[in-house]
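Quick notes on the structure that follows.
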Amino acid sequence: MSGRLEGRVAFITGAARGQGRAHAVRMAREGADIIAVDIAGKLPSCVPYDSATPDDLAETVRLVEATGRRILASANDVRDFDGLRRVVDDGVGALGRLDIIVANAGISVPQAWNDITPETFADVMEINVTGTWNTVMAGADRIIEGGRGGSIILISSAAGMKLQPFMVHYTTSKHAVAGMARAFAAELGKHSIRVNSVHPGPVNTPMGSGDMVAAVGRAMETNPQLAHMLTPFLPKWAAEPEEVADAVCWLASDESRNITAAQIPVDQGSTQY
Ligand SMILES: NC(=O)c1ccc[n+]([C@@H]2O[C@H](COP(=O)([O-])OP(=O)(O)OC[C@H]3O[C@@H](n4cnc5c(N)ncnc54)[C@H](O)[C@@H]3O)[C@@H](O)[C@H]2O)c1
C-alpha cells in the first residue's frame, strides 16, 4: 500500500525530539524522505527545560530509517539562515526534490510580564519568528523549482490564536507566526504552495521537563486569576506529539488540497474557552 506522501521530501526543523520527531516519523511512514535539523545542543539560558542532544537527533534518524525511508539529519540553529540554506541544498541534491516544510523549532519561556528582559524577548523572537522565516526562505524556492506545488506548515500555538499568560514574548512570537503563514500563503499560492499554521494546546514533550513546571507555577503566583485560561472543552488537557502529527501530516497531504492561509487548532477546544 502506498502512503499519502509517497515520493515526497519534507524539511523539518526541531526534529530531534517531541513534536518535530513525531512529524518526521509520521511523514516517513506515509512515504516521505526527510531533511531534519535541530540545534541538538544548549538552548538560551532563559529556557527552563532540558536541551535536546545529538543522541536525541540520532534516535530520530533511527526511527525514520526503521520505516524504510531516507533521512539527512544535521545539527543546525534556525537562527543561521546560511546554514539552513546549505542543509536544504544538500538535501535536495541527495533526495531529489522538496515538497513539504514544517517550521517546528521553537522555545517557550514562562515569565511574568515584568520579568521579561530585552535579552529574553530577543531570544524568543529570534528563534520563534526569525527562525521560522529563515526556515521558509531556505526551502520555498526549492519547492517552486520542483514545479509540483507543495505544503508549508508553520507550528504556532494556542498562544498564537488566543494567548498564553505569563509569556508576552511567546504569545507575540506565535501570533507573528500565524500572520507569517497567511502572508506567505498569499504570495506562494500562485505556485500551488499552501501555507497554514497549526496551533497546539499543551503537548506532552520535553518542553515540559526540567524546571518548566516549577517556572510556570512561579509565574502563575503573580496572578492566579489567569490560571484557567487554557482550560479545554474535551476531558484531557494535553495531546500527544503523534496527535499533532496527524494534523500536520494531513496538511502536508493532498487531502487538504484546498486549505491554505488557515489556522488549525489542535487544542482540545482551549482557545475558545
Ligand atoms: N509542548 C507544548 O505544549 C507546545 C504547545 C504549543 C506549541 N508548541 C510548539 O511546538 C513546537 C515544538 O515544540 P515541542 O513541544 O516538541 O518542544 P521540544 O522542546 O521538545 O522540541 C523543540 C525542538 O526544537 C529545537 N530547537 C529549539 N531552538 C532551536 C534552534 N534555535 N534551532 C534549531 N532547533 C531548535 C529543540 O532543540 C527541540 O529539539 C515549538 O514551536 C513549540 O513552541 C509546543
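Each value in this text was obtained by applying a stated rule to the coordinates, not by laboratory testing. It should be emphasised that the depicted structure is a prediction, and the values quoted were computed from it without experimental measurement. We place every Cβ from the backbone using ideal geometry, glycine too, and count neighbours over all the protein chains shown.
Table for the structure above
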| quantity | calculated |
| --- | --- |
| Per-residue [θ]222 nm for the chain (sum of -39500 (n - 2.57) over DSSP H runs n ≥ 4, rounded to 500) | -12500 deg cm²/dmol |
| Cβ-Cβ FRET estimate between LEU234 and ALA183, R0 fixed at 45 Å, reported to 0.05 | 0.90 |
| Highest average packing first - 98-110, 39-51, Cβ atoms within 10 Å | 98-110, 39-51 |
| At 0.692 mPa s and 37 °C, Stokes D of the chain from Kirkwood alpha-carbon radius, µm² per second | 178 µm²/s |
| P(r), alpha carbons of segment 52-200 - 10 Å bins starting at zero, rounded % | 11, 35, 36, 16, 2 |
| Dipole of the chain, positive direction: furthest Cα of PRO54, PHE121, LEU84, with charges on the beta-carbon | LEU84 |
| For segment 27-35, 3J(HN,Hα) per residue [Karplus equation, 6.51 cos²θ - 1.76 cosθ + 1.60, θ = phi - 60°, Hz, x = Gly/Pro] | 5, 5, 4, 8, x, 8, 8, 10, 10 |
| Long-range amide H partners of ILE152 with built H, under 5 Å | ILE101, ARG194, VAL195, ASN196 |
| Relative contact order of segment 56-203, pairs being alpha-carbon contacts under 8 Å that are 6 or more residues apart, as % | 24 percent |
| Debye, to nearest 20: dipole size of the chain, +1 on Lys, Arg Cβ, -1 on Asp, Glu Cβ | 640 debye |
| Convex hull volume per residue for segment 117-273, taking Cα atoms only, in Å³ | 122 Å³ |
| Neighbourhood charge, 14 Å Cβ-Cβ cut-off, centred on ALA52 and excluding it, Lys, Arg +1 and Asp, Glu -1 | -3 |
| Under 5 Å, built H, 5+ apart or other chain: amide partners of GLY41 | ALA52 |
| Top positive-direction residue, dipole computed over segment 135-273 with Cβ charges, set PRO165, PHE233, HIS175 | HIS175 |
| Whole-number percent relative contact order across the chain, with pairs defined as alpha carbons under 8 Å at least 6 apart | 20 percent |
| Full-extension gain in nm, THR222 to ALA75, via 0.36 nm per residue minus C-alpha separation | 49.2 nm |
| Ordering of 118-124, 137-143, 15-21 by burial proxy (mean other Cβ atoms within 10 Å per residue, highest first) | 15-21, 137-143, 118-124 |
| Estimated distance in nm for a label pair at ARG85 and ALA112, the labels positioned 7 Å out from Cα along Cα-to-Cβ | 4.4 nm |
| Helix 168-188 axis, angle to the chain major axis (alpha carbon atoms, nearest 10°) | 30 degrees |
